[in-house]
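Participant: Here it is, the structure, as structure tokens.
The values are calculated or read from the model by the stated rules, or taken from the named source; none is laboratory data. Everything numeric here is computed off the predicted structure, so don't read it as measured data. Every residue, glycine among them, receives a Cβ derived from its backbone with ideal geometry; neighbour counts consider all protein chains shown. We work out accessible area using only protein heavy atoms, side chains counted, and drop any ligands, DNA or RNA first. Shrake-Rupley method; radii C 1.70, N 1.55, O 1.52, S 1.80 Å.
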Amino acid sequence: MCLRNMSLILQLLGLILLLEFFGCNASAHYTFVIEKTPYTRLCSTKNILTVNRQFPGPPLFARKGETVIVDVINKANDNITIHWHGVRQPRSPWWDGPAYVTQCPIKPGSQFRYKVIFTTEEGTLWWHAHADWTRATVHGPIVIFPKVGSTYPFPKPYEEMPIVLGEWWKRDVAQVYRQLLRTGGDPNVSDAFTINGQPGDLYPCSKQGTFRLSVQEGKTYLLRIINAGMNDNLFFAIAQHKLTVVSVDARYTKPLTRDYIVIPPGQTIDALLVANQSPNHYYMAARAYSSGQGVIFDNTTTTAILQYSGHQYTPSSFPSFPYLPFYNDTASSVSFTGALRSLASKDHPAKVPLMVDTQLISTISVNTFPCRSINNSTCQGPNGTRFAASMNNITYRNPSVSILQAYYKDMIKVFGESFPNRPPLIYNFTGDFLPQQLQTPMRGTEVKLLDYNSTMEIVLQGTNLVAGEDHPMHLHGHSFYVVGWGFGNFDKNKDPLRYNLIDPPFQNTALVPKKGWIAIRFRADNPGVWFMHCHLERHLTWGMDTVLITKNGLSPRAQLVPPPADLPPC
Ligand code: C2O
Ligand code: CU
């Protein structure tokens, strides 16, 4: 048992080591009850899966270095797991969450206690369900404050506000998901984007609920912006106001002041907003950045209102609207993401691996399978195929037990250990006309084993198969430095010469530009089983995923903690 008082007493006794052994620093205890709750949006009411009846779900608060306990009680009819997106969970993948990767789902009527172990994270992250498509409505912010006695590396904002961007379907999301599996075609696009759960003024029956952020003239606000959406990268902006980005994925950046930001699903961006315009109402808005030619997407726009308070004024009847880049404006996207830099200060150093032990190059592709109709399934993908996706030409398939459990018990049979270090087929990945036979991937559950404490470089190479588009690639258990990116095919001789090894941004999710690549580096110092995947939900479902297993080190402090007794059975 890990109580504040107890840690105090132990500290007094000088038993700090013991304390660490117990994984102390426990601060808060949350209960998440998963249940269906009626919500009305876009003129109709439906039951959605929620945590504690809230949409978006309740925020988790912690200070840097604390451990938070969350009891998840499943009172719904769906299988569920919760993932703490961007939390390192040192040596503790048991509580990381992705279904069939680190645990079997929490079945209806059962529960599971998660330990969320914060170490180096400081800033904004988020939690979300990680089974089927349940994360559409089961998600919420994670806010990690600096330790007592330390402060933000920027002037203290007057107030802070989470801005959770989401996606809303009129239909039951579970149905949308089942239809996707059955048809093999594109999923239904969402009917609305949302800001803090509300679609905003541009949608039917939505004006009443529009989210409003009240500000006082002259004050500075910290917006903790989260893209909790499913299938779309977003541009976000506030009319006549600039945003100064100070943190991405819970790691401080050099301040970057822009008129708009790009935020893919999975990413979190903290930005300062100075209320320095004339007292009035202003729109903030988000809409899709969707670069794939012919790829259908939700082309609607969500809005919220920034309203100045404490003043006598008559707001304009039509608040001014922000400039947002066009939906396929890749140049505007990379001009933002390519400008992000780690703060790299004395208190927040960038520790970029300068030498690389293992380099892994992986293609990331959308693919197709030739039609093979099994139980009711159809082939509504391009030219009568079924959509798929892959990394290094392998479409990831979930095993029937979790990979972590199988690995821990030495049941290698449920997965293989031969995820290739190089693309198995070499072609002009980003060429405009690619032979159709390249489209068909292999199926498998192949993991990549990493030696403890080795330094890794992973090059993620987009391809132009089916449709080239941007992919927000996410890694669990390890954040990484984005040391390079470019358009076209990665050139192993030339491109590394242009890497930024001084102050590259440190992220857990990074957008690989259309017909381009990114290079990431990290030290594999967190033993465990870690999912890596595209955070566009349809691509995750189609198989643009793999698993990295960081092996145990020699000392007991470099090894997996034992599994909890209440781990859900399969
Ligand atoms: Cu938000 Cu597997 O991730
Ligand atoms: Cu993708």
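Participant: So, in region 256-289, how many residues would count as being part of a strand (DSSP E or B) and within 16 Å of residue 212 (Cβ to Cβ)?
Facilitator: So the answer is 7.
Participant: Right, here's the next one. Any residue in region 21-41 that is in contact with a helix residue (DSSP H, G or I) (Cβ under 6 Å, 6 or more places away or on another chain) and at pLDDT below 95?
Facilitator: yes
Participant: Between a residue in region 163-186 that is within 30 Å of residue 269 (Cα to Cα) and touching a residue at least 24 places away in the same chain (Cβ under 8 Å) and any residue that is open to solvent by 50 Å² or more (accessible area, probe 1.4 Å) and among the hydrophobic types (A, V, I, L, M, F, W, C), which pairs come within a Cβ distance under 6 Å, given they are 6 or more apart or on different chains?
Facilitator: If the second residue must be open to solvent by 50 Å² or more (accessible area, probe 1.4 Å) and among the hydrophobic types (A, V, I, L, M, F, W, C), the pairs left are 186/296.
Participant: Here is a further query. When you scan region 518-533, how many residues do you find that are among the hydrophobic types (A, V, I, L, M, F, W, C) and touching a helix residue (DSSP H, G or I) at 6+ places or on another chain (Cβ under 6 Å)?
Facilitator: Looking only at that region, the number is 1.
Participant: Count, please, the residues in region 427-450 that happen to be in contact (Cβ under 8 Å) with a residue 24 or more places away in the chain and in a loop (DSSP other than H, G, I, E, B).
Facilitator: So the answer is 9.
Participant: Hey, any hits in region 522-533 for a residue that's closer than 21 Å to residue 125 by Cβ, away from ligand 2 (no atom under 16 Å from the Cβ) and of a type in the set (Val, Ile, Thr)?
Facilitator: Yes.
Participant: Tell me, yes or no, whether region 462-479 has at least one residue that is in contact with a Phe, Trp or Tyr (Cβ under 6 Å, 6 or more places away or on another chain) and among the small types (Gly, Ala, Ser).
Facilitator: Yes, region 462-479 has at least one match.
Participant: What strands (runs of 3 or more DSSP E), lying completely within region 163-255, carry at least 2 residues that are open to solvent by 30 Å² or more (accessible area, probe 1.4 Å)?
Facilitator: 212-216
Participant: Out of all the residues in region 256-278, which are touching a strand residue (DSSP E or B) at 6+ places or on another chain (Cβ under 7 Å) and either open to solvent by 50 Å² or more (accessible area, probe 1.4 Å) or modelled with pLDDT under 95 (or both)?
Facilitator: Listed by number, the residues that qualify are 257, 258, 259, 274, 277.
Participant: Something else: If a residue has to be closer than 27 Å to residue 569 by Cα and not polar (S, T, N, Q) to count, how many in region 420-449 make the cut?
Facilitator: Selection size over region 420-449: 6.
For every residue, the table says whether it meets (1) closer than 18 Å to residue 298 by Cβ; (2) in contact with a Pro (Cβ under 7 Å, 6 or more places away or on another chain); (3) not assigned by TED's automatic domain parsing to the domain that holds residue 234.
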site: 152; (1), (2), (3): no, yes, yes
site: 165; (1), (2), (3): yes, no, no
site: 170; (1), (2), (3): yes, no, no
site: 174; (1), (2), (3): no, no, no
site: 181; (1), (2), (3): no, no, no
site: 190; (1), (2), (3): yes, no, no
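Participant: Scan region 543-558 for residues that are within 20 Å of residue 418 (Cα to Cα) and not aliphatic (A, V, I, L, M) and jot them down.
Facilitator: Hits for region 543-558 are 543, 545, 546, 550, 551, 552.
Participant: Hey, any hits in region 348-361 for a residue that's farther than 24 Å from residue 532 by Cα and either in a loop (DSSP other than H, G, I, E, B) or modelled with pLDDT of 95 or more (or both)?
Facilitator: Scanning region 348-361, I find at least one residue that is farther than 24 Å from residue 532 by Cα and either in a loop (DSSP other than H, G, I, E, B) or modelled with pLDDT of 95 or more (or both), so the answer is yes.
Participant: For residue 37, indicate whether it is touching a residue at least 12 places away in the same chain (Cβ under 8 Å) and surrounded by fewer than 18 Cβ atoms within 10 Å (Cβ to Cβ).
Facilitator: yes
Participant: Here's another thing I want to ask about it. Among the residues of region 539-566, which ones are away from ligand 1 (no atom under 14 Å from the Cβ) and among the charged types (D, E, K, R)?
Facilitator: 551, 557, 566
Yes/no matrix, rows are residues, columns are (1) within 16 Å of ligand 1 (Cβ to nearest atom); (2) crowded, with 21+ Cβ neighbours inside 10 Å:
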| residue | (1), (2) |
| --- | --- |
| 341 | no, no |
| 344 | no, no |
| 347 | no, no |
| 352 | no, yes |
| 361 | no, no |
| 364 | yes, yes |
| 370 | no, no |
| 377 | no, no |
| 380 | no, no |
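Participant: Looking only at region 109-129, decide whether some residue is of a type in the set (Phe, Trp, Tyr), in contact with a Ser or Thr (Cβ under 7 Å, 6 or more places away or on another chain) and open to solvent by 10 Å² or more (accessible area, probe 1.4 Å).
Facilitator: The answer is no; no qualifying residue exists.
Participant: Right, another one. Out of all the residues in region 127-150, is one or more of a type in the set (Asp, Glu) and within 20 Å of residue 62 (Cβ to Cβ)?
Facilitator: Looking for residues that are of a type in the set (Asp, Glu) and within 20 Å of residue 62 (Cβ to Cβ), one finds none in region 127-150, hence no.
Participant: Under 28 Å from residue 194 (Cα atoms) and either assigned to a loop (DSSP other than H, G, I, E, B) or within 14 Å of ligand 1 (Cβ to nearest atom) (or both): does that describe residue 57?
Facilitator: Here the answer is yes, as residue 57 does meet what is asked.
One line per residue, one yes/no per condition, for (1) within 16 Å of ligand 1 (Cβ to nearest atom); (2) under 26 Å from residue 553 (Cβ atoms); (3) in contact with a strand residue (DSSP E or B) (Cβ under 7 Å, 6 or more places away or on another chain); (4) modelled with pLDDT under 95:
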{"site": "477", "(1), (2), (3), (4)": "yes, yes, yes, no"}
{"site": "483", "(1), (2), (3), (4)": "no, yes, yes, no"}
{"site": "487", "(1), (2), (3), (4)": "no, no, yes, no"}
{"site": "495", "(1), (2), (3), (4)": "no, no, yes, no"}
{"site": "498", "(1), (2), (3), (4)": "no, no, yes, no"}
{"site": "501", "(1), (2), (3), (4)": "no, yes, yes, no"}
{"site": "504", "(1), (2), (3), (4)": "no, yes, yes, no"}
{"site": "525", "(1), (2), (3), (4)": "no, yes, no, no"}
{"site": "529", "(1), (2), (3), (4)": "yes, yes, yes, no"}
